Structure formats: structure tokens, C-alpha cells
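The values are calculated or read from the model by the stated rules, or taken from the named source; none is laboratory data. All figures in this text were calculated on a predicted structure; none of them were measured in a lab. Methodologically, a virtual Cβ is constructed for each residue, glycine included, from the backbone with ideal geometry; neighbour enumeration extends over all protein chains shown. Calculation scope for accessible area: heavy atoms of the full protein, side chains included, ligands and nucleic acids excluded. Shrake-Rupley method; radii C 1.70, N 1.55, O 1.52, S 1.80 Å.
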Amino acid sequence: MTILTRGVIKSFYILMPLAIIMAFLWAPSAAVLGDFSRIIYFHVPLAWVSVLAFLVSGVLSVAYLMDKKKRYRWLDEKSYNSASIGLAFAILTVITGSLWAKLTWGSFWNWDPRETSVVLILLIYIAYFSLRSGLSGNEQRGVIGSSYLILAMIMLPFFVFLAPRIYDSLHPATIINADKRIYLDGRMRMTLLVSVLAFSSLYAYIFHLMNRMLSVKKATEDLHAGD
Amino acid sequence: MGEEILRNLRKDFLVEFRSRFALNVSIAFAVIATVSLSLTAGGTPFSPLVQSILLWIIIFFSAMNGLSHIFVREEDQATSLFLRITVSVDSVFISKFLYNQIFMMIIIAVVTPLFLFFLQIHVALICYFICTAIAGGMAIASCTTIVAAMVAKAGGRGSLFSILSFPLLLPVLWVSISSTRGALDGSSPAEDASLVFLLAFSGFISAISFLLFRFVWIEE
Amino acid sequence: MRVIRTAFVFALIFFPYCSIEVLPQGVARPGESFVCAHAQEYRNQGRPAQPVQNQEDDRQTVLYTVAAVILVVWVGIALFLWRLDRKITRLEKNLNEMKK
């Protein structure tokens with residue numbers, strides 16, 4: 001573990017309070033929505049980081065299936081860890097999004113294309129956890145779980161990126177779309193960036209901790225295997 | 001490899017139709033659902049949207065009941081090891097895939113006329129309706145083959161298969177329902193892309209499952 | 001692992017919930033959103049409107065309060081994660097000793 005990696009991960013301790021302070025005190029309120037718009041500094045990073053977590057779990061699954069010599073250990077468990085963090089973040093995205101919907105459009109859930117596609121993603125990953133628990137005790141669990149995660153990762157771009165852009169959506173214009181910025185002036189952009197970094201470092205930190213716990217647990221099992 | 005595929009396909013058909021377990025379960029479910037629907041509706045006309053929703057729910061759950069059997073039977077009767085040794089992975093996948101497709105077509109061929117008959121549905125665009133039913137069936141069968149292979153390893157307990165396939169099949173169901181509704185009341189536009197989506201989805205999922213199947217099938 | 005996840009999910013829920021405590025005071029136009037319109041009605045019912053400076057101060061106070069609340073929650077989570085980190089490091093060290 002290099003010092004650089006450790007520094008990046010521990011930067012969570014600085015970034016998150018910074019993001020909170022910036023979100024509430026430094027960024028201006030939006031023109032139309034008022035102070036409700038501050039929810040954007042939590043909702044958008046949560047969504048992005050959950051997609052990142054799912055992508056990481058998919059990539060680790062591909063590595064697991066292709067790594068015949070077992071140079072990297074327990075990649076299937078690590079992809080499981082990443083998928084569980086991704087699921088937690090996705091659930092939080094849905095909760096924050098529905099709160100925003102209640103504040104600005106008056107109802108919690110509208111079956112908007114973007115909302116529907118997020119629900120689909122949630123269902124796919126919840127099904128992954130059912131699959132893993134159904135396979136407990138089976139030594140093929142890692143392989144089958146990884147195949148399913150690859151399948152899920154491949155469906156991800158369609159639901160997260162394509163569907164909301166093809167169908168007309170109530171959802172505010174996506175931030176990556178260059179010519180559709182509604183109200184992102186300089187300060188807001190800065191706060192959003194810091195918030196994204198803060199949540200990414202939170203994800204990296206928790207993922208790192210979960211992986212370390214995993215290796216300690218496995219090493220302890222190995223040690224006691226001879227008992 | 002073509003010979004192996006045909007041989008496996010023939011064997012699968014013979015074995016499945018000897019006891020006809022999966023076929024019976026699927027078709028019995030479809031018949032029961034349709035008949036009870038028609039009975040309790042008592043002649044009240046449903047709107048085309050509701051009709052297409054009901055049709056696809058019945059088709060979907062008939063598929064859920066029957067389509068995993070092809071792999072689960074191999075595990076239950078302990079013939080999967082034999083299959084693993086004697087036949088190459090690709091042939092196994094293609095033969096099971098073709099079997100599932102044909103099975104799904106049989107289900108649709110039985111369920112749809114039954115549904116139309118019992119609920120007295122008038123179809124505005126017949127050819128489009130048939131094409132949608134076939135394309136939707138192909139998409140469902142493509143997706144469920146790989147999921148059935150995974151679930152068979154997990155013991156094949158009933159609802160795990162439904163839980164796993166449902167999120168993957170939700171877009172298929174959504175598109176099929178809306179285009180069937182268009183076929184039933186004649187409101188679908190000329191350049192409706194639903195069929196293209198369903199066929200593209202089938203092709204895409206088949207390709208991915210072909211690549212992933214060898215990892216699921218081979219035990220080391 | 002489950003504890004981390006539960007605590008983290010539970011505390012992160014406070015973020016957006018706190019942000020809706022901030023009422024719109026003079027920034028949103030009437031009729032823009034349901035809550036805004038309602039607030040406008042109540043505010044001007046038979047009483048003279050508050051001077052703008054007062055509204056701004058109220059808003060600032062609320063923002064400070066919300067930020068403080070969330071910071072406190074996060075200090076709690078950060079402490080928890082810090083302790084967890086230390087425990088894991090200690091476990092790893094023990095394990096390395098035992099292996100030798």
C-alpha cells in the first residue's frame with residue numbers, strides 16, 4: 001500500500017466536511033428552486049459513485065474469470081464488496097431523488113424513465129445478492145456470481161446512460177450534457193466537484209476497509225484450517 | 001459440432017417429452033390463469049392496454065415455470081457430469097438455447113390463441129401482433145438460458161429463477177406490452193422500433209450468454 | 001462489515017433530510033413549487049411582510065444550523081471509521097506476528 005494510495009483514501013477525512021460546508025454555506029442557492037437545490041450536492045455524487053462501484057465490481061469479476069493463475073486473491077469477494085457498496089449508494093440515490101421530486105414536483109415517485117431505469121438497476125443487483133445466498137456452500141459461487149455481475153455491468157450503460165436520454169424525462173438535464181446546463185455557475189460547479197471527490201473517497205475508503213477485513217478473515221481461516 | 005448440437009437437441013426433446021413435466025406445468029399455468037381471468041371478468045371488456053399486460057404476464061410466468069427445467073433436470077438426474085465430459089461447451093449451450101427457443105414458441109403458440117379465445121379479443125393488426133409475440137418470446141428465451149444455467153447450480157429452487165430473470169426481462173416486457181397494445185387497438189405507428197429492439201436484445205443477450213456460459217458450465 | 005454498512009447508510013440519510021428543513025425565503029417565485037406557493041400564502045396572511053434583511057438572516061441561520069448538524073453526524077461516522085481502521089490494523093499486525 002503506497003503512501004499515495006493511503007493519502008488518497010484518507011483524504012476522505014478532509015474532503016467530506018469540506019463538501020458539507022461548501023454545500024450549505026459557500027454555494028449560492030439556485031435561481032428557481034432555492035435552497036432545495038442543495039440536495040444536488042449529495043444526490044448526484046451518490047448516483048455517480050454507485051455507478052462507479054458497479055463498474056468496479058464488473059471489472060473485478062472479469063479479472064476473476066480471466067485470472068487462471070490466481071495471481072490476485074479473492075477477487076470474487078472483492079467484487080461482492082463493491083457491489084454491496086454500490087447497492088447502498090443506489091438506494092440512497094433513490095431516496096434523495098424522491099425527496100427532491102417531492103419538493104419540486106409534489107410527488108415522491110413518477111415512473112419517469114430515469115427513475116424506472118434506476119429501479120431496474122436496483123432489482124438486478126438485489127437479485128445478485130439472492131443468487132449468492134442461494135449458492136452458499138457451493139464452491140462455484142464465485143464463478144457464477146462473477147458471471148452474473150458481468151451481465152449486470154453490461155446492462156448498466158443502457159439503463160443509466162441511454163434510456164433517460166432517449167425518452168423525454170422529467171428529470172433535470174443530465175450534467176454531462178454540455179449544452180444543457182440549467183443553473184450551474186462557477187461556485188456550484190466547484191462544490192459539486194468537491195462533493196463528487198468526497199463521495200468517491202468515501203467509497204474508496206469503505207471498499208478498502210472491507211477488503212482488508214476480508215483478507216484478515218481469510219488469513220485467520222487459513223491459519224485455523226489445520227485445527 | 002452441428003451433429004452434436006442436433007443430437008443433443010433430439011435427446012432433449014425425447015427426454016422432456018417422455019415425461020412432459022415442464023411443458024405440462026407451463027401450459028397448465030397458462031390455462032388456469034386464462035380461464036380464471038375469463039371467468040371472473042364475466043364478459044367485461046378490458047381495454048387493449050390491460051389485455052396486453054395480462055397476456056404478457058401470463059406468458060412470462062408460464063416461461064418462469066418451465067424454462068429452467070432444461071438445466072435443472074440435468075442437475076437433478078445427475079447427467080450433467082456426463083454431458084460435461086462428452087460434449088463440448090459450445091454445443092451444449094447452443095442445443096439448450098435452441099431447445100428453450102422452441103419450447104418458448106410452443107408456449108406462445110398455445111397460450112396466445114387460448115387467451116384470444118377466452119377473452120374475446122379482437123386484434124386490429126394481426127401480423128404485427130404475431131411478430132411481436134414471437135420476438136418477445138425469443139427475447140425471453142435468450143435471457144433465461146444463461147440464468148437457468150446459473151440457477152441450476154444453485155439447486156434450482158423455484159423462485160430464484162424468477163427473481164433473477166425478472167429485472168433482466170423487464171425492458172423486454174415493457175416494450176412487448178406497449179407494442180402488443182399497439183397491435184391490439186391498431187394505434188401503433190408505421191415506423192415503430194419495438195420489434196427491432198426485441199430482436200436486438202435477443203441477439204445481444206445471446207452473444208453475452210454464449211461468452212459467459214463456459215464459466216458457469218465448467219467446474220474446476 | 002455489516003455494521004459499517006448500516007451505520008453509513010443510516011447516517012447518510014440525514015443529509016438530504018436536513019436539506020429540506022431549509023424553507024424557501026424570498027428566493028423562489030410564487031407558484032414555482034407546491035411548498036413555495038403555500039409558504040407565500042401563509043407568510044402574507046394579514047401580516048406585514050418581513051423586511052428582506054431579516055429573511056436573509058433567518059436563512060443564513062438555518063443554513064448554519066443544518067451544516068452544523070450534518071457536520072456533527074459526520075464527525076461521529078468519521079470517528080467510527082477511524083476506530084475500525086485502527087482495529088483492523090491491529091488485527092493485521094497480530095496476524096503477521098502469528099505467522100512468523
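Computed from label points 7 Å out along Cα-Cβ, the spacing between B:Ile57 and C:Lys100 is 6.7 nm.
When the expected Rg is taken as 2.2 N^0.38 Å, what fraction or multiple of it is the alpha-carbon Rg of the range B:29-130?
On the way: Rg = 17.9 Å, N = 102, 2.2 N^0.38 = 12.8 Å.
Here the answer is 1.40, to two decimals.
How would B:Arg214, A:Arg141 rank on accessible area, largest to smallest, probe 1.4 Å? Walk me through the numbers on the way to the answer.
Numbers: B:Arg214 100, A:Arg141 65 Å².
In descending accessible area the options line up as B:Arg214, A:Arg141.
Rounded to the nearest 0.05, what FRET efficiency do B:Ala207 and A:Leu123 give with R0 = 30 Å and r taken as the Cβ-Cβ distance? Could you check? Calculated value: 0.85.
Taking only DSSP H segments of four or more residues, each worth -39500 (n - 2.57), what value at 222 nm results for chain A once the sum is divided by all its residues, to the nearest 500 deg cm²/dmol?
Calculated at 222 nm, the ellipticity per residue is -24000 deg cm²/dmol.
Give me the percent of the accessible area of the range A:34-144 that comes from carbon and sulfur atoms, probe 1.4 Å, all protein chains in place.
Accessible surface attributable to carbon and sulfur in the range A:34-144 totals 64 percent.
Mean-square fluctuations from a GNM of chain B, with a 10 angstrom spring cutoff on Cα atoms, peak among B:Leu81, B:Leu160, B:Leu49 at B:Leu81.
Here each label is just a point 7 Å from Cα along the line to Cβ, and for A:Arg73 and C:Glu56 those points are 6.2 nm apart. Output the pairs from A:Lys68/B:Lys153; A:Lys10/A:Lys102; A:Lys70/A:Lys217; A:Lys68/B:Lys11 with a Cα-Cα distance over 29 Å in this structure; if there are none, say none. Listed pairs above 29 Å: A:Lys10/A:Lys102; A:Lys68/B:Lys11.
Here the spin labels are modelled as points 7 Å beyond Cα on the Cα-Cβ line, and at B:Phe117 and A:Leu4 they lie 7.2 nm apart. Among the residues of B:161-172, the average count of other protein chain beta-carbon atoms within 10 Å of the residue beta-carbon is 5. Residue order by solvent-accessible surface for A:Phe108, A:Phe42 is A:Phe108, A:Phe42, largest first, with ligands and nucleic acids left out and a 1.4 Å probe. Accessible surface of the range B:26-152, 1.4 Å probe: 76 percent of it comes from carbon and sulfur atoms. Between the Cα long axis of helix B:158-185 and the first principal axis of chain B there is an angle of about 40°, rounded to the nearest 10. Only DSSP H runs of four or more residues enter the estimate; each adds -39500 (n - 2.57), and after division by the residues of chain B the mean residue ellipticity at 222 nm equals -28500 deg cm²/dmol.
Each of the peptides A:147-156, B:12-21 was scored by the mean count of other Cβ atoms within 10 Å over its residues; in descending order, highest first, they stand as A:147-156, B:12-21.
Its Cα gyration tensor gives the range B:180-220 an equivalent ellipsoid; the semi-axes, largest first and in whole Å, are 36, 10, 4. Assuming R0 = 56 Å, can you tell me the calculated FRET efficiency for the pair A:Ala225 and C:Ala68, based on Cβ-Cβ distance, to the nearest 0.05? E(calc), rounded to 0.05, equals 0.65. Averaged over the residues of peptide A:80-90, the number of Cβ atoms from other protein chains lying within 10 Å of each residue's Cβ is 2.
Mind checking the per residue accessible area of the range A:1-132 for me, 1.4 Å probe, whole number of Å²?
On the way: 5250 Å² over 132 residues.
Ligands and nucleic acids excluded, the result is 40 Å² per residue.
Using heavy-atom solvent-accessible surface (probe 1.4 Å) with all chains present, what is the largest-first order of A:Val51, B:Val111, B:Val196? Could the numbers behind the result be given before it?
Details: A:Val51 25, B:Val111 0, B:Val196 100 Å².
Ranked from most to least accessible, the order is B:Val196, A:Val51, B:Val111.
Translational D (Stokes-Einstein, µm²/s) of the range A:3-154 at 4 °C and 1.567 mPa s when Rh comes from the Kirkwood sum over C-alpha pairs? Intermediate values should be presented prior to the final figure.
Values: Rh = 17.5 Å.
It diffuses with D of about 74 µm²/s by this estimate.
If I take R0 = 60 Å and measure r between the Cβ atoms of B:Thr44 and B:Ile102 in this structure, what FRET efficiency does the formula 1/(1 + (r/R0)^6) give, to the nearest 0.05? Efficiency, rounded to the nearest 0.05: 0.95. Show log10 I(q)/I(0) for the range A:1-67 at q = 0.19, 0.22 Å⁻¹, two decimals, from a solvent-free Debye sum over equal Cα scatterers. For the range A:1-67, the Cα-only Debye profile gives -0.91, -1.02. Volume per residue for chain B equals 117 cubic angstrom (convex hull of Cα atoms).
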